[in-house]
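Notes follow the structure.
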Amino acid sequence: MTVSFEEGRRIVVAQATHLAPAPAVEHVPLLESCGRVLATTIPADRDYPPVARSIRDGFAVHSADLPGRLRVIGEVRAGETFSGNVELGSAVEIFTGAPVPAGVDQVVMVEHTTRAGDFVETARPGVAGEFINPAGAEIRAGAPILPAGRRLGFAEIAALATVGVTEVAVFRRPRIAILATGDEVVDIAAQPRDNQVRNSNSYSIAAQVLRAGGIPEILPVARDTMESTRAAIEHGLTADLLLLSGGVSAGKYDLVETVLAEFGAESFFDRVLIQPGQPLVFGQVAGKMFFGLPGNPASTMVTFEIFARAAVEILSGEAAPLLPILEAPLSVPFSHKTGLTRFLPAVLAEGRVTPVRWQGSSDVAALARANCFLVASSDRPSWNEGDRIGVLMK
């Protein structure tokens, strides 16, 4: 079955959500949880901030006194508490992060004041609450600060540290088998003949699997015999997900298809209207998902990123995998033939995107020069310089 880019993505997410078993839970130290998926919802242990705090350096005042000239009766810094009474006509010098003294309701930035001895003067009007972060304004005690199913990055690690979490419950990382096929594929340490290629695809896929939260297992290359292909696929199906590289286009795919059929495989689609990467197979065998990724490097990278990555993320316990296609203005005009959604190597720099000159899906050097993929929608033939176009970061 041939599907559009959008339909293929929906099928992958829906089937992966249906087929993925509930992952096991592990407990790891806080820093080791970075990049993992949170298994339990984490509540705030107290109000944040626990007391009203100043968000500027300046003077804590009664808004009813402004504008005016006030007597400075003390100061309060972060980590301190002002215990005195602040009566009308008085001010307390305050610093960013310091608790706001009881009774006052405004902070005037130091830049808007003039200090003379024990007095400070300002022309600012009274605005109750200005530059004060009220108690509980960020989050209330007991409210969820992070939900289960969230992948943990630096901001999430900061949130966990803020509420005192030292050990984190995370989902087990799925094991992803990576199987390259073809007699022409040799080990990366080998010196290939003119008719051979090094197994770079398995390593690029493994890097993408790691980034998606999985544990890659690179299998020995399956040779172009039924026996080798059958044994390799059988081994690969012991993992949580099998990724086949090569052998999915016309001709050689027949061998892989025959072996998968022996195992009772069901295919959800076998072609996607994209470039590169049209001959993409997604299916399941006894509840285990598999992808037949194309053999050309660009096709492999693109199809993993926009389809297989979502399956790895769901197997990792992520609640809602996203495909962050943004937009940026083009630095040059661009045109293509409609009918396919194209993901082409490009460079995003200084807010503008520029296509990279390349020689097709096997041009690894061009892919390495790129830092993103330009995403050209299937129904639009051309863009002018300055027009906004889709961008998928590598």
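The values are calculated or read from the model by the stated rules, or taken from the named source; none is laboratory data. This one's a predicted model, so the numbers in the text were calculated from it and none came from an experiment. Cβ: placed from backbone, ideal geometry, glycine included. Neighbour counts: every protein chain shown.
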Exercise. Hey, any hits in region 235-252 for a residue that's more than 30 Å from Ala376 (Cβ to Cβ), without any contact (Cβ under 8 Å) to a residue 60 or more places away in the chain, among the β-branched types (Val, Ile, Thr) and crowded, with 24+ Cβ neighbours inside 10 Å?
Worked result: no
Exercise. How many of the residues making up region 330-353 are surrounded by 17 or more Cβ atoms within 10 Å (Cβ to Cβ), out of contact with any Phe, Trp or Tyr (no Cβ under 6 Å at 6 or more places or on another chain) and polar (S, T, N, Q)?
Worked result: 1
For this session: Please enumerate the residues belonging to region 37-58 that are under 29 Å from the mean Cα position of the chain (by Cα) and among the hydrophobic types (A, V, I, L, M, F, W, C).
Result: Val37, Leu38, Ala39, Ile42, Ala44
Exercise. With respect to Arg309, is the statement that it is modelled with pLDDT of 95 or more, in the same structural domain as Arg271 (by TED's automatic domain parsing) and either surrounded by 19 or more Cβ atoms within 10 Å (Cβ to Cβ) or not acidic (Asp, Glu) (or both) true?
Worked result: yes
Seminar exercise, completed: So, first residue farther than 18 Å from Ala212 by Cα and touching a residue at least 40 places away in the same chain (Cβ under 8 Å) in region 16-42, second residue hydroxyl-bearing (Ser, Thr, Tyr) and in a loop (DSSP other than H, G, I, E, B), Cβ within less than 8 Å, six or more apart or across chains; the pairs are Pro29/Thr166; Leu30/Thr166
Exercise. Does any residue of region 372-380 turn out to be assigned to a loop (DSSP other than H, G, I, E, B) and charged (D, E, K, R)?
Worked result: yes
For this session: Kindly check whether there is at least one residue in region 77-86 that is out of contact with any helix residue (DSSP H, G or I) (no Cβ under 6 Å at 6 or more places or on another chain), loosely packed, with under 13 Cβ neighbours inside 10 Å and basic (Lys, Arg).
Result: no
Exercise. Residues of region 185-206 being small (Gly, Ala, Ser) and under 32 Å from the mean Cα position of the chain (by Cα), which ones?
Worked result: Ser200, Ser202, Ser204, Ala206
Problem set entry | Checking Ala349 against (1) touching a residue at least 24 places away in the same chain (Cβ under 8 Å); (2) at negative phi, the condition it does not meet | (1)
Problem set entry | The listed residue being without any contact (Cβ under 8 Å) to a residue 40 or more places away in the chain and closer than 30 Å to Arg36 by Cβ, out of Val285, Val281, Val259, Val197 | Val281
Problem set entry | Thr162 being at pLDDT 95 or above and of a type in the set (Ser, Thr, Tyr) | yes
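Quick grid of which residues meet (1) loosely packed, with under 13 Cβ neighbours inside 10 Å; (2) over 30 Å from Pro29 (Cα atoms); (3) of a type outside the set (Phe, Trp, Tyr); (4) over 42 Å from the mean Cα position of the chain (by Cα):
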{"residue": "His112", "(1), (2), (3), (4)": "no, yes, yes, no"}
{"residue": "Asp118", "(1), (2), (3), (4)": "yes, yes, yes, yes"}
{"residue": "Ala123", "(1), (2), (3), (4)": "yes, yes, yes, yes"}
{"residue": "Ala128", "(1), (2), (3), (4)": "yes, yes, yes, no"}
{"residue": "Asn133", "(1), (2), (3), (4)": "no, yes, yes, no"}
{"residue": "Gly142", "(1), (2), (3), (4)": "yes, no, yes, no"}
{"residue": "Leu146", "(1), (2), (3), (4)": "no, no, yes, no"}
{"residue": "Val170", "(1), (2), (3), (4)": "no, no, yes, no"}
{"residue": "Ile176", "(1), (2), (3), (4)": "no, no, yes, no"}
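Is it the case, given these coordinates, that Ala212 is in the same structural domain as Asn296 (by TED's automatic domain parsing), closer than 27 Å to Asp363 by Cα and without any contact (Cβ under 8 Å) to a residue 60 or more places away in the chain? Can you show your working first?
Details: in the same structural domain as Asn296 (by TED's automatic domain parsing): yes; closer than 27 Å to Asp363 by Cα: yes; without any contact (Cβ under 8 Å) to a residue 60 or more places away in the chain: no.
No: the conditions fail for Ala212.
Quick one: which of Ala116, Ala141 is of a type outside the set (S, T, N, Q) and over 30 Å from Ala39 (Cα atoms)?
None of the others qualify; the one that does is Ala116.
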Exercise. Which of (1) over 43 Å from the mean Cα position of the chain (by Cα); (2) outside the structural domain of Ala116 (by TED's automatic domain parsing) does Ala91 not meet, given it meets every other one?
Worked result: (2)
Seminar exercise, completed: When region 47-56 is checked residue by residue, the ones that are surrounded by 15 or more Cβ atoms within 10 Å (Cβ to Cβ) and out of contact with any strand residue (DSSP E or B) (no Cβ under 7 Å at 6 or more places or on another chain) are Asp47
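Can Arg193 be described as closer than 18 Å to Phe304 by Cβ and surrounded by fewer than 16 Cβ atoms within 10 Å (Cβ to Cβ)? Even if it seems obvious, please write down each step before you answer.
Details: closer than 18 Å to Phe304 by Cβ: no; surrounded by fewer than 16 Cβ atoms within 10 Å (Cβ to Cβ): yes.
Considered against the rule, which asks whether it is closer than 18 Å to Phe304 by Cβ and surrounded by fewer than 16 Cβ atoms within 10 Å (Cβ to Cβ), Arg193 comes out as no.
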Exercise. Counting only residues that are surrounded by 14 or more Cβ atoms within 10 Å (Cβ to Cβ) and assigned to a loop (DSSP other than H, G, I, E, B), which one in region 317-329 is modelled with the lowest pLDDT?
Worked result: Ala319
